[in-house]
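The values are calculated or read from the model by the stated rules, or taken from the named source; none is laboratory data. None of these values were measured; they are calculated from a predicted model. Positions of Cβ are generated from backbone atoms using ideal geometry, with glycine treated the same way; all protein chains shown enter the neighbour counts. SASA here: full protein model, heavy atoms, side chains in, ligands and nucleic acids out. Shrake-Rupley method; radii C 1.70, N 1.55, O 1.52, S 1.80 Å.
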Amino acid sequence: MELSVSFVVGLILGGILGSAASLLISTVFKSNKKRAIEKESKAERIFNLALQQEDQERKLKLLRKILDKYPKSEWAERSLEEVMKMRKEK
C-alpha cells in the first residue's frame, strides 16, 4: 500500500497549521488572564491608597473609583465595606 505524496504533504501542512493555531489561541487566553491580574493589582493599589488617606472626601473619591472601574472585583466589595464603616462612624 503506497501513500501518495500529496497525502503526506497534506498531513505535514495540517500538523504545522494546527500547531500554529493552537499556539496563537493559547497566547490570546494567557494575555487576557494577565490583564485581569493587572487590573486586580491596580484596584488593590488604589484601595490601599484610600485606606491611608486621612481626608474623608479623598478616601471616598478613591473608593468610588474602584467601584466604577472594577465593579466585579473583590476590591469593589471591600470598598463597599469600607464606605459602610465610614458611614457608621459619622
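Output the direction-averaged projected area (hull surface divided by four) of the convex hull of the alpha-carbon atoms of the chain, in nm².
Dividing the Cα hull surface by four gives the mean projection, 8.3 nm².
Restrict the search to segment 45-74; then list the GluC sites (Glu not before Pro) that DSSP places in a loop and that have at most 13 other Cβ atoms within 10 Å of their Cβ.
Sparse-neighbourhood loop GluC sites (Glu not before Pro): Glu54.
Protein chains only, probe 1.4 Å: how do Arg45, Arg78 rank by accessible area, largest first?
Descending order: Arg45, Arg78.
Local charge sum around Leu67 (other residues, Cβ-Cβ under 12 Å, Lys/Arg +1, Asp/Glu -1)?
It works out to a net charge of +2.
What is the packing order of peptides 79-85, 7-13, taking the mean over residues of other C-beta atoms within 10 Å and listing the highest first?
Ranking the peptides 79-85, 7-13 by packing returns 79-85, 7-13.
Summing -39500 (n - 2.57) over the DSSP H runs of n ≥ 4 in the chain and dividing by its residue number, what mean residue ellipticity at 222 nm do you reach, to the nearest 500 deg cm²/dmol?
-31000 deg cm²/dmol
Which value, in debye to the nearest 20, describes the size of the charge dipole of the chain about its Cα centre when Lys and Arg Cβ atoms bear +1, Asp and Glu Cβ atoms bear -1, and nothing else is charged?
500 debye
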